[in-house]
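Presented below is the structure to which this report refers.
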Amino acid sequence: DLLSTDDPQVRNEALLLAQRLSQFASISKIWMFSEVGDVVMNIAMAEGGLTNGNILVLDCLKILKSMLQHDASLADLVFQSPTILQNLSSLLDLRNGTEFVNPVKHFAQNDDLDDLLDTKKSKPRNVPRLTASEERIIETVLEILAVVLENESVKMTVWKQHAGLASLIWELGLITPP
């Protein structure tokens with residue numbers, strides 16, 4: 001209940017406590033069945049998701065990752081959840097990064113190799129980049145997916161029922177076709 005409070009100070013302290021408690025397997029199992037994973041994902045998205053790479057978003061993802069690491073059978077609950085899978089996919093959308101949402105006016109000195117070699121361009125192109133905190137969020141989401149996809153039955157579920165996500169994680173090398 002403390003995670004759902006309107007008082008940000010109380011909620012933030014509850015998140016810190018939840019991070020500690022999620023390290024215990026018995027608590028994590030109870031929380032996953034009590035939909036605490038949904039609550040922390042909703043907090044993460046309410047705090048801006050990928051945009052700005054808020055530390056609270058990263059804390060919420062660490063709680064979810066910690067809860068899932070204890071028992072491979074909990075991975076099935078991620079795909080039964082109405083919010084976790086959808087929000088994890090949203091967090092992987094790089095177009096939600098700060099520089100994508102609010103493009104920077106200056107041009108980067110070293111764009112990618114294709115841009116540097118393309119002599120047909122009349123002026124350099126601005127390539128949006130993720131901030132360091134946004135990169136940590138992406139990294140944590142990929143770690144969560146790696147934990148979830150260790151379960152063979154979950155791999156099959158993803159492959160059959162979530163084609164878009166399966167394509168993305170297959171390209172990232174987190175899953176191989178069945």
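The values are calculated or read from the model by the stated rules, or taken from the named source; none is laboratory data. In this text the structure is predicted, and so the values were computed from the model without any measurement. Every residue, glycine as well, gets a Cβ built from its backbone with ideal geometry; the counts of neighbours run over all protein chains shown. In case anyone asks, the SASA skips ligands and DNA or RNA and just uses the protein heavy atoms, side chains included. Shrake-Rupley method; radii C 1.70, N 1.55, O 1.52, S 1.80 Å.
Here is how the numbers come out for the structure above:
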{"item": "Residue in segment 145-164 that is among the small types (G, A, S), within 30 Å of D76 (Cβ to Cβ), open to solvent by 50 Å² or more (accessible area, probe 1.4 Å) and at pLDDT below 75 present", "result": "yes"}
{"item": "Leading residue by the ranking (nearest to Q69 (Cα to Cα)) among those in segment 22-41 that are without any contact (Cβ under 8 Å) to a residue 12 or more places away in the chain and surrounded by fewer than 14 Cβ atoms within 10 Å (Cβ to Cβ)", "result": "S26"}
{"item": "Filtered residue count, segment 53-83, keeping only those that are in contact with a Gly (Cβ under 7 Å, 6 or more places away or on another chain) and either among the acidic types (D, E) or open to solvent by 50 Å² or more (accessible area, probe 1.4 Å) (or both)", "result": "0"}
{"item": "Flag for L56 being at pLDDT 90 or above, over 20 Å from the mean Cα position of the chain (by Cα) and not hydroxyl-bearing (S, T, Y)", "result": "no"}
